[in-house]
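Worksheet for the structure shown next.
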Amino acid sequence: NLAMNIVVFSGAGMSAESGIQTFRDSGGLWDTYPIEEVATPEAWIKDPEKVQHFYNLRRKQIMEAEPNAAHLLVTQLKEVGNLIVITQNIDDLHERAGTEQVLHLHGNIRLAKSSGPNSETKYYPIEGWKLSLNDTCDDGFPLRPHVVWFGEEVPMYPVAEEVINNADILIIIGTSLSVYPAAGLIHQAKRSSKIYCIDPHLTTESLPAGVHLIRANASAGLQDLLRKLKEI
Ligand code: APR
(Lines give C-alpha, C1' and ligand atoms only; values in the text may rest on other atoms or scores of the structure.)
Protein backbone atom coordinates (compact mmCIF):
# COMPACT_ATOMS: atom_id res chain seq x y z
CA ASN A 1 0.00 0.00 0.00
CA LEU A 2 1.95 2.98 -1.30
CA ALA A 3 -0.25 5.55 0.42
CA MET A 4 0.96 4.51 3.86
CA ASN A 5 3.17 6.93 5.77
CA ILE A 6 6.06 5.22 7.47
CA VAL A 7 8.10 7.16 9.99
CA VAL A 8 11.32 5.91 11.54
CA PHE A 9 12.38 7.61 14.76
CA SER A 10 16.00 6.70 15.42
CA GLY A 11 18.54 7.22 18.18
CA ALA A 12 22.13 6.31 18.91
CA GLY A 13 21.41 2.54 18.82
CA MET A 14 20.78 2.89 15.07
CA SER A 15 24.46 3.66 14.51
CA ALA A 16 25.85 1.30 17.16
CA GLU A 17 26.52 -1.40 14.57
CA SER A 18 28.62 1.14 12.67
CA GLY A 19 30.92 1.28 15.68
CA ILE A 20 29.63 4.59 17.01
CA GLN A 21 29.15 4.56 20.79
CA THR A 22 25.73 5.27 22.23
CA PHE A 23 25.42 7.80 25.05
CA ARG A 24 23.82 5.93 27.94
CA ASP A 25 24.68 2.24 27.52
CA SER A 26 27.48 1.11 29.84
CA GLY A 27 30.72 2.55 28.52
CA GLY A 28 28.65 5.14 26.66
CA LEU A 29 29.91 8.54 25.60
CA TRP A 30 28.49 10.42 28.57
CA ASP A 31 30.51 8.18 30.91
CA THR A 32 33.74 9.52 29.40
CA TYR A 33 32.61 13.09 28.77
CA PRO A 34 30.33 14.73 31.33
CA ILE A 35 27.42 16.39 29.49
CA GLU A 36 27.86 19.69 31.34
CA GLU A 37 31.48 19.97 30.15
CA VAL A 38 30.89 19.44 26.43
CA ALA A 39 27.23 19.66 25.43
CA THR A 40 25.70 22.79 26.95
CA PRO A 41 25.79 26.51 26.10
CA GLU A 42 27.54 27.06 29.46
CA ALA A 43 30.31 24.65 28.44
CA TRP A 44 30.84 26.63 25.23
CA ILE A 45 31.18 29.87 27.21
CA LYS A 46 33.53 28.32 29.75
CA ASP A 47 35.77 26.25 27.49
CA PRO A 48 34.94 26.50 23.77
CA GLU A 49 38.19 24.74 22.89
CA LYS A 50 37.15 21.64 24.81
CA VAL A 51 33.67 21.64 23.24
CA GLN A 52 35.11 22.10 19.75
CA HIS A 53 37.60 19.28 20.36
CA PHE A 54 34.87 16.92 21.59
CA TYR A 55 32.79 17.46 18.44
CA ASN A 56 35.85 17.31 16.18
CA LEU A 57 36.51 13.81 17.52
CA ARG A 58 32.87 12.85 16.99
CA ARG A 59 32.97 14.20 13.42
CA LYS A 60 36.18 12.34 12.64
CA GLN A 61 34.72 9.08 13.92
CA ILE A 62 31.50 9.57 11.98
CA MET A 63 33.34 10.37 8.75
CA GLU A 64 35.38 7.19 9.14
CA ALA A 65 32.30 5.06 9.90
CA GLU A 66 30.04 3.44 7.31
CA PRO A 67 26.27 2.99 7.29
CA ASN A 68 25.42 -0.44 8.74
CA ALA A 69 22.92 -3.11 7.69
CA ALA A 70 20.17 -1.39 9.68
CA HIS A 71 20.59 1.93 7.83
CA LEU A 72 20.35 -0.01 4.57
CA LEU A 73 17.27 -1.93 5.72
CA VAL A 74 15.58 1.36 6.58
CA THR A 75 15.86 2.40 2.93
CA GLN A 76 13.84 -0.71 1.98
CA LEU A 77 10.86 0.66 3.89
CA LYS A 78 10.30 2.80 0.80
CA GLU A 79 8.88 -0.32 -0.80
CA VAL A 80 6.19 -0.42 1.87
CA GLY A 81 5.13 3.24 1.90
CA ASN A 82 6.22 6.89 2.00
CA LEU A 83 9.27 7.00 4.23
CA ILE A 84 10.47 9.82 6.46
CA VAL A 85 13.25 9.36 9.00
CA ILE A 86 13.39 11.53 12.09
CA THR A 87 16.72 11.03 13.78
CA GLN A 88 18.16 12.27 17.05
CA ASN A 89 21.56 11.35 15.64
CA ILE A 90 23.96 14.02 14.46
CA ASP A 91 25.65 11.58 12.06
CA ASP A 92 24.80 11.43 8.36
CA LEU A 93 24.63 7.65 8.06
CA HIS A 94 20.94 7.52 7.10
CA GLU A 95 21.68 9.85 4.16
CA ARG A 96 24.80 7.94 3.17
CA ALA A 97 22.75 4.72 3.16
CA GLY A 98 20.41 6.34 0.64
CA THR A 99 17.45 7.62 2.65
CA GLU A 100 16.25 10.84 1.04
CA GLN A 101 14.01 12.37 3.67
CA VAL A 102 15.92 12.72 6.93
CA LEU A 103 14.95 15.21 9.59
CA HIS A 104 17.72 15.88 12.11
CA LEU A 105 16.16 16.77 15.42
CA HIS A 106 19.48 17.42 17.17
CA GLY A 107 21.42 18.82 14.22
CA ASN A 108 24.04 17.50 11.82
CA ILE A 109 27.69 17.39 12.82
CA ARG A 110 28.88 17.84 9.22
CA LEU A 111 27.47 21.39 9.34
CA ALA A 112 28.55 24.50 11.25
CA LYS A 113 26.60 27.55 12.30
CA SER A 114 27.29 30.88 13.98
CA SER A 115 27.79 30.86 17.73
CA GLY A 116 26.19 34.33 17.77
CA PRO A 117 22.54 35.22 18.27
CA ASN A 118 21.49 34.34 14.70
CA SER A 119 22.69 30.77 14.77
CA GLU A 120 19.69 29.18 13.06
CA THR A 121 19.73 31.29 9.90
CA LYS A 122 22.44 29.51 7.96
CA TYR A 123 24.34 26.23 8.06
CA TYR A 124 27.75 25.76 6.48
CA PRO A 125 29.24 22.43 5.33
CA ILE A 126 32.49 21.66 7.15
CA GLU A 127 35.47 20.62 5.03
CA GLY A 128 37.21 17.68 6.69
CA TRP A 129 36.69 16.81 10.32
CA LYS A 130 38.24 19.78 12.10
CA LEU A 131 36.47 22.98 13.04
CA SER A 132 38.68 25.59 14.74
CA LEU A 133 37.79 28.56 16.91
CA ASN A 134 39.58 30.67 14.30
CA ASP A 135 36.94 29.69 11.73
CA THR A 136 34.52 32.55 11.97
CA CYS A 137 31.11 33.13 10.51
CA ASP A 138 30.08 36.13 8.30
CA ASP A 139 28.77 37.82 11.45
CA GLY A 140 32.20 37.64 13.12
CA PHE A 141 31.31 34.97 15.68
CA PRO A 142 33.26 31.70 15.73
CA LEU A 143 31.56 28.82 13.96
CA ARG A 144 30.19 26.08 16.22
CA PRO A 145 28.87 22.65 15.33
CA HIS A 146 25.25 22.50 14.17
CA VAL A 147 24.08 20.43 17.11
CA VAL A 148 21.39 21.04 19.70
CA TRP A 149 22.89 21.25 23.17
CA PHE A 150 21.15 20.43 26.44
CA GLY A 151 19.13 23.45 27.47
CA GLU A 152 18.69 24.71 23.90
CA GLU A 153 15.54 24.94 21.81
CA VAL A 154 14.83 22.14 19.34
CA PRO A 155 13.87 24.18 16.25
CA MET A 156 12.79 21.13 14.23
CA TYR A 157 10.44 19.86 16.93
CA PRO A 158 7.18 21.26 15.49
CA VAL A 159 8.03 19.84 12.06
CA ALA A 160 8.79 16.44 13.59
CA GLU A 161 5.55 16.56 15.56
CA GLU A 162 3.58 17.04 12.36
CA VAL A 163 5.42 14.21 10.61
CA ILE A 164 4.78 11.80 13.51
CA ASN A 165 1.17 12.87 13.62
CA ASN A 166 0.75 11.75 10.00
CA ALA A 167 2.41 8.37 10.52
CA ASP A 168 0.44 5.20 9.83
CA ILE A 169 3.40 3.14 10.96
CA LEU A 170 5.94 4.47 13.46
CA ILE A 171 9.16 2.54 14.01
CA ILE A 172 11.27 3.60 16.97
CA ILE A 173 14.84 2.31 16.76
CA GLY A 174 17.71 2.44 19.26
CA THR A 175 16.76 5.25 21.59
CA SER A 176 16.50 5.18 25.37
CA LEU A 177 13.65 7.71 25.09
CA SER A 178 15.13 9.60 28.01
CA VAL A 179 15.79 12.99 26.44
CA TYR A 180 12.98 15.51 26.07
CA PRO A 181 11.38 17.01 24.12
CA ALA A 182 12.49 14.36 21.55
CA ALA A 183 11.16 11.40 23.56
CA GLY A 184 7.74 13.05 23.81
CA LEU A 185 7.32 12.77 20.04
CA ILE A 186 6.14 9.17 20.23
CA HIS A 187 3.04 10.36 22.07
CA GLN A 188 2.09 12.54 19.09
CA ALA A 189 1.23 9.55 16.92
CA LYS A 190 -2.44 9.15 16.15
CA ARG A 191 -4.44 6.42 17.86
CA SER A 192 -4.80 4.35 14.70
CA SER A 193 -1.08 4.21 13.95
CA LYS A 194 0.89 1.02 14.48
CA ILE A 195 3.95 1.58 16.64
CA TYR A 196 6.97 -0.71 16.78
CA CYS A 197 10.11 -0.32 18.86
CA ILE A 198 13.36 -2.09 18.06
CA ASP A 199 15.86 -2.07 20.92
CA PRO A 200 17.86 -4.80 22.67
CA HIS A 201 17.56 -3.31 26.16
CA LEU A 202 14.20 -1.59 26.52
CA THR A 203 11.29 -3.36 28.21
CA THR A 204 7.55 -3.18 27.47
CA GLU A 205 7.01 -1.53 30.87
CA SER A 206 9.13 1.42 29.79
CA LEU A 207 7.03 1.95 26.65
CA PRO A 208 3.53 3.33 26.21
CA ALA A 209 0.79 0.68 26.02
CA GLY A 210 0.24 -0.70 22.55
CA VAL A 211 3.82 -0.34 21.35
CA HIS A 212 5.11 -3.61 19.87
CA LEU A 213 8.60 -4.20 21.23
CA ILE A 214 11.09 -6.11 19.14
CA ARG A 215 13.94 -6.85 21.52
CA ALA A 216 16.85 -7.03 19.14
CA ASN A 217 19.68 -5.05 17.62
CA ALA A 218 18.64 -2.60 14.93
CA SER A 219 19.62 -4.78 11.95
CA ALA A 220 18.11 -8.06 13.20
CA GLY A 221 14.95 -6.34 14.39
CA LEU A 222 14.47 -4.50 11.13
CA GLN A 223 14.94 -7.66 9.14
CA ASP A 224 12.09 -9.28 11.10
CA LEU A 225 9.85 -6.27 10.82
CA LEU A 226 10.44 -5.76 7.11
CA ARG A 227 9.49 -9.35 6.43
CA LYS A 228 6.29 -8.82 8.37
CA LEU A 229 5.42 -5.48 6.74
CA LYS A 230 6.03 -6.78 3.25
CA GLU A 231 3.49 -9.55 3.88
CA ILE A 232 0.72 -7.10 4.79
N1 APR B 1 20.63 -1.68 18.00
C2 APR B 1 19.55 -1.02 18.49
N3 APR B 1 19.54 -0.36 19.65
C4 APR B 1 20.67 -0.38 20.39
C5 APR B 1 21.83 -1.07 19.98
C6 APR B 1 21.78 -1.75 18.73
N7 APR B 1 22.83 -2.43 18.24
N8 APR B 1 22.77 -0.89 20.93
C9 APR B 1 22.21 -0.13 21.89
N10 APR B 1 20.94 0.19 21.57
C11 APR B 1 19.96 1.00 22.31
C12 APR B 1 20.11 1.03 23.80
O13 APR B 1 19.46 -0.09 24.39
C14 APR B 1 19.45 2.36 24.16
O15 APR B 1 18.05 2.20 24.40
O16 APR B 1 20.13 2.34 21.89
C17 APR B 1 19.66 3.21 22.91
C18 APR B 1 20.66 4.32 23.08
O19 APR B 1 20.21 5.24 24.02
P20 APR B 1 21.03 6.59 24.31
O21 APR B 1 22.46 6.27 24.45
O22 APR B 1 20.36 7.28 25.43
O23 APR B 1 20.88 7.43 22.93
P24 APR B 1 19.65 8.33 22.43
O25 APR B 1 18.36 7.80 22.96
O26 APR B 1 19.80 8.46 20.98
O27 APR B 1 19.97 9.71 23.12
C28 APR B 1 19.13 10.79 22.88
O29 APR B 1 20.55 12.29 24.07
O30 APR B 1 22.76 12.62 24.48
C31 APR B 1 21.67 13.14 23.84
O32 APR B 1 21.46 14.52 21.99
C33 APR B 1 21.88 13.23 22.37
O34 APR B 1 20.42 12.59 20.55
C35 APR B 1 20.96 12.18 21.80
C36 APR B 1 19.87 12.08 22.86
Against the condition in contact with a helix residue (DSSP H, G or I) (Cβ under 7 Å, 6 or more places away or on another chain), without any contact (Cβ under 8 Å) to a residue 40 or more places away in the chain, of a type in the set (D, E, K, R) and surrounded by fewer than 18 Cβ atoms within 10 Å (Cβ to Cβ), how does residue 231 come out, does it pass? no
Residue ID - nearest to residue 75 (Cα to Cα), chosen from residues in segment 99-112 that are open to solvent by less than 20 Å² (accessible area, probe 1.4 Å) and more than 16 Å from the ligand (Cβ to nearest atom): 99
Among the residues of segment 14-61, the number that are touching a residue at least 12 places away in the same chain (Cβ under 8 Å), of a type in the set (Gly, Ala, Ser) and open to solvent by 20 Å² or more (accessible area, probe 1.4 Å) is 3
Would you check which residues across segment 1-25 are more than 17 Å from residue 94 (Cβ to Cβ) and within 10 Å of the ligand (Cβ to nearest atom) and list them? 21, 23, 24, 25
Residue set 64, 79, 49; condition over 15 Å from the mean Cα position of the chain (by Cα), more than 12 Å from the ligand (Cβ to nearest atom) and closer than 18 Å to residue 196 by Cβ; output residue 79
Exactly one of these conditions fails for residue 93: (1) within 18 Å of residue 172 (Cβ to Cβ); (2) surrounded by fewer than 16 Cβ atoms within 10 Å (Cβ to Cβ); (3) of a type in the set (A, V, I, L, M). Give me its number. (2)
Mind counting the residues in segment 208-225 that are part of a loop (DSSP other than H, G, I, E, B), among the hydrophobic types (A, V, I, L, M, F, W, C) and more than 11 Å from the ligand (Cβ to nearest atom)? 2
So how many residues does segment 94-125 have that are out of contact with any strand residue (DSSP E or B) (no Cβ under 9 Å at 6 or more places or on another chain) and either within 21 Å of residue 13 (Cβ to Cβ) or assigned to a strand (DSSP E or B) (or both)? 3
Output yes when any residue across segment 120-135 is surrounded by 13 or more Cβ atoms within 10 Å (Cβ to Cβ) and within 16 Å of the ligand (Cβ to nearest atom), and no when none is. no
Might you let me know whether segment 148-157 holds any residue that is within 16 Å of the ligand (Cβ to nearest atom), part of a helix (DSSP H, G or I), in contact (Cβ under 8 Å) with a residue 24 or more places away in the chain and within 21 Å of residue 109 (Cβ to Cβ)? yes
Please go through segment 160-207 and pick out each residue that is within 14 Å of the ligand (Cβ to nearest atom), touching a residue at least 24 places away in the same chain (Cβ under 8 Å), surrounded by 15 or more Cβ atoms within 10 Å (Cβ to Cβ) and in a helix (DSSP H, G or I). 160, 182, 185, 186
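The values are calculated or read from the model by the stated rules, or taken from the named source; none is laboratory data. Nothing here was measured: the structure is a model prediction, and the numbers come from that model. Positions of Cβ are generated from backbone atoms using ideal geometry, with glycine treated the same way; all protein chains shown enter the neighbour counts. All accessible areas refer to the heavy atoms of the entire protein, side chains included, with ligands and DNA or RNA removed. Shrake-Rupley method; radii C 1.70, N 1.55, O 1.52, S 1.80 Å.
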